[in-house]
Structures are given as C-alpha cells and as structure tokens.
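Since the structure comes first, as structure tokens, the remarks are kept for the end.
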Amino acid sequence: MQRHEKIKITMFHLSSSGSNNYYLFQAASDELRSKYDIELLTMEQAKNSRYIDHSDVYITTHGEYLSDYDKVNIDLWHGFPLKGMAKMDKQESTPDEHIVQHWAKKDMIMSYSALYNTAMNACNGGNIAQYKITGLPRNDALFSPNSKANFNRIFPDLNIDQEKIIFFMPTFRQSIMTPGKMEGGKNTQNFFGLSSFDKQALISFLDEHGITLVVKLHPFEESFFAKELKEFGSQRILVLNDSHLSTAQMDLYDVLGAADMLITDYSSVYIDFLLLDRPVLFIPTDLDEYRENRGLLFEPYELWTPGPKIYSQDALHQAIAQFISEPESFAAERTMIRNLCHYYQDNKASERIWRIIDEYIQDNMAVILERRDTFNSHKQLQNQIKQRIQKMIEQEQLAQANEAINRYLEANSADPDIFAMNGMLHLLTGNPKEAINSFEKGHNHFPWDEDLLYNLGYVYEMINDNNNAIKYYLEAQQKTSRPEMTALLQERLAALSNEY
C-alpha cells in the first residue's frame, strides 16, 4: 500500500439482526466514499479476504477482527449492555487482563449515554476517554417512515394497515456456538417460556383483536424452536429470521419500526424500542436463574423494565388488551428509562459518528501513514526471512529450517507460508500425515490461500488418494488468479483424469 492510496476502512456485517455497521455503511455520504476506501464485509467475506490486514481503520460490532499491527480500531458494539458481559459475566472464563488488553486497543467506542459508558466500562475495563456519545446507527432506522412498507415487502400477504403488529424478541439462553453454556432456565416447551401454554387460545386471542404476532428469535436460538414455530401454521403468527431479511436486502431495524408493541425479557432491544415510545411487555419467567447464571448489570429488574411483567398466558393476553385500549400505560416509566439511556433521541447517530471518524482520521493522518509504512516494512522483512527458510528447505537443511520457523513464530503469528513450509518439512522427513495436518490447519485459518490447497492436493496424490487430490486441486483452481498456478493445476488434474 503506497502513500497516495486512500485510507482504507473495513467494516463487518455479522448478521441482519440489528447491525450497527450495516447502517453506518449505508449512511456514508458520497463525499466520504470518494475520500476513503470503505468496505463492508460479511464474516464469510472477511474469512476469505487475503488482504484484510492491509486496512488502516477497522470498525467492529462483535470483536470480529483485531489486527496484530497498530491500526485504528473503532467499536460500535451491538446494543445497550443490560446483561453481565466479559468481566461482569458470572460464567466468563477469559482472564480479566486479556479482556482489558483487548479493549485497550480500541481508539474509540461509540456510546448511547453516560450511563452506557459506566455499564460498558464495568464489563471491559476501558478508559473513559475512549467513549464518544453519539447514539448508535441502527436506531436511526427506527424513525424511518418506510418501516411498514419494508415489513410488507417481506410479508406481502399481510394487510399491514389493518393489523396491530407485535414483535416478540427474547434474548438467547443457549447458543449454537457454545451449546454447553446455559444462560437462565427458560422452559423450552414453548417459545414464550411459560409454564403452561395453549397455542390455539393464543391464535383465537390474536384473531379477536386483529393482531399479527411476529416472532424474531435471536440468531443463536432460531434452530432450537424451528420445529415448534413451523407447526403453528397460523397467519396470525409470522416468523421473521435472518434469511428473510438478507434475502430482502434489509436489516431488522428496517422493519422493527413497524411494531406497535414489543414483548421481550432481558434483550436490550427494548432500550432501542423506547425511542418510539410504544408499549413494551416483559416475560422474565426465569429471572432468578438468569441472575444466577449470567447476571444483570441493572437492578432491580422491575425498575429498569418499564412495562408489565408477565408470568402466565392469561396475564399476557390481558396486558396486550390493556395496551391496545390504553397505550399511554407506563408512559412515564418509559420516558424515565429512555432519558437515562439515550442522550440523543433522533435519527442523526450515523452523521455524528462519521463526522467524528473523519475528524479523527484527518487529525491523525501522519500517524496512520507512519503505521502503514511500518506495516509494509515489517511485511517485507517477514518475506525476506521466509525466503531464507524456503531456501533451507530446498537445500534440505531441514533441522536449520525447523529452528528458523520456531524463531520466526516467537515474534510473528503463523501465516500461510509458515503453515506451508512446516508441512513441507514433515513431508521431506517422511511424514505425510503430519504434512496434511499442517496444511489443513493453515487452510482452516486462511481458506483463500491456493498454495495450501495445492499442497493438500499434492500430498493426497502422493499417497494415492486421488479423490481428495482432485477435490483440493479444484478448490485451488477456484481461488487462484495466478496463471502459473492455473497451468500447474490443469496439468495435475489432467494427469489424474487420465488415470481413471
């Protein structure tokens, strides 16, 4: 990367369930896009990006990426911290010093309010100077006049102007990513978590009051309740998931503003929804277990949740009916919590954030360019060292090459070249199984690298496993843009085809 190139900003879009980066990226003006090279990567794109470490600025929401080099790191996070996180999560196993070190690398953390700063800092041990009170980008979309029209695009059969729309959005208790970690003790016999539940009674109630219930589970939990939701089979109950949103090229907050009412438990979505000053109901059926397993940052729970607390289906029906007839119920409580949590209560968060980012980059341009030069110099030095190690391997100085690799790893992270060279050492010492292990480990970390794929194909061909050899050669062919590699792969594939 040369000095005349634009400052590159990389952002990450983890899911369609309220991505602050999605909305910040959409809000970037033409002037900003001309001034900077701004990209928004899905996690799959990020995993397959061979130049991800070449950016100057990273904007994250879930800790998606943290460079080994000194870069600008900006965190938007993904909601108001109500539950114990990191240092405040009772089940967290990461040492405090590692959490603090991670967050110390953040140049800026965008915030809702002074209260947000206090809650987040209790969890991550940062420094108050890192926080910038701006509001968060996804909340800008709540104010859009297009929310109902957007929702109708996903569910075109719904007569949305004649229906009352209620969103049910609980937090997750069990993640498909960490299935052994349970947060709370929710009754999983029904998605509400109520001790007894009559789905036909619910459908009749919704029919009577002209209500459409939209069930939007956390992406972590969608699979756990998929069967139950599929069996409902009622036009009164709609299931909204990430695939609906991504297919429509929307995010959750593009449609959340269509809701006349929200039902949740401990999800911070209600803090955002308060900006609309619409009714919120809470179903904290496993409150004691949740407190014990994960912990809440704000107590008492009853004070911080401005709406009725529901523990039975009858109470749920009654509370909804009351809000329909008296939508101003709990208005004073909602106002109090909204004012504590939101310094700004408008749709200008993205504008404020881009202005701060732009000013920060311009004020620190000399430092950013110096860091870029340091990065490039270090990459060049790494390549020189790896070239020397490669020569040792070619000259069969295997012990020296192995020692050089170990010395390299004392000061540098493993990269595709190191995995490749380590695998070649195993191959040259007569251990193809360990060579495959090294190449596969490298491929898992760097799935975009065609050399590792070629090496896997080569070893499998060498041990006469032609099916796997062809598989990896074909994958390498899809990844590479190098003519010499393409020619080599075509040669190997043709040779293997002739053997059949």
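Remarks
- Site-free segments of the chain were taken between GluC sites (Glu not before Pro) in DSSP loops having at most 13 other Cβ atoms within 10 Å, sites themselves excluded; the longest one is 6-327.
- P(r) for the range 337-495, from all Cα pairs and a bin width of 10 Å, is 10, 26, 25, 14, 12, 9, 3, 0 %, short bins first.
- Within the range 8-46: backbone nitrogen closer than 20 Å to the residue 348 label point (7 Å, Cα to C-beta): 23-32
- Based on alpha carbons, the Rg and Dmax found for the range 115-155 are 16.4, 45 Å.
- The range 43-106: radius of gyration over Cα atoms, expressed as a fraction of 2.2 N^0.38 Å: 1.26
- Fully extending the segment from residue 324 to residue 30 would add 101.5 nm, taking 0.36 nm per residue of separation and subtracting the current Cα-Cα distance.
- For the chain, the fraction of 1.4 Å probe accessible surface lying on carbon and sulfur atoms is 48 percent.
- Per the Kirkwood formula applied to alpha carbons, the range 1-114 shows a radius of gyration over Rh ratio, Rg over Rh, of 0.98.
- Value at 222 nm in deg cm²/dmol, rounded to 500, when DSSP H runs of n ≥ 4 in the chain each add -39,500 (n - 2.57): -14500 deg cm²/dmol
- Mean Cα-pair separation over length for the chain, i.e. relative contact order, pairs under 8 Å, 6 or more apart, %: 15 percent
- Diffusion coefficient of the range 66-169 by Stokes-Einstein, Kirkwood radius over Cα pairs, 4 °C, 1.567 mPa s: 78 µm²/s.
- Residue-normalised accessible area of the chain, expressed per residue, 1.4 Å probe, Å²: 47 Å²
- If R0 equals 45 Å, the separation of the Cβ atoms of residue 412 and residue 247 corresponds to a calculated FRET efficiency of about 0.60.
- Simple spin-label estimate for residue 364 and residue 155 gives 4.4 nm between the two label positions (7 Å along the Cα-to-Cβ direction from each Cα).
- Coarse-grained scattering of the chain at q = 0.06 Å⁻¹, given as base-10 log I(q)/I(0) from a Debye sum over alpha-carbon atoms: -0.37
- Restriction of the trypsin sites (Lys or Arg not before Pro) in the range 1-56 to DSSP coil positions whose beta-carbon has at most 13 other beta-carbons within 10 angstrom yields 3, 6, 50.
- Contact order, relative form, for the range 48-109: 30 percent (alpha carbon pairs under 8 Å, 6 or more residues apart, mean separation divided by residue count).
The values are calculated or read from the model by the stated rules, or taken from the named source; none is laboratory data. The shown structure was predicted, so the numbers you read here are calculated from the model rather than taken from an experiment. Methodologically, a virtual Cβ is constructed for each residue, glycine included, from the backbone with ideal geometry; neighbour enumeration extends over all protein chains shown. Only protein heavy atoms, including side chains, enter the accessible area calculation; ligands, DNA and RNA are left aside. Shrake-Rupley method; radii C 1.70, N 1.55, O 1.52, S 1.80 Å.
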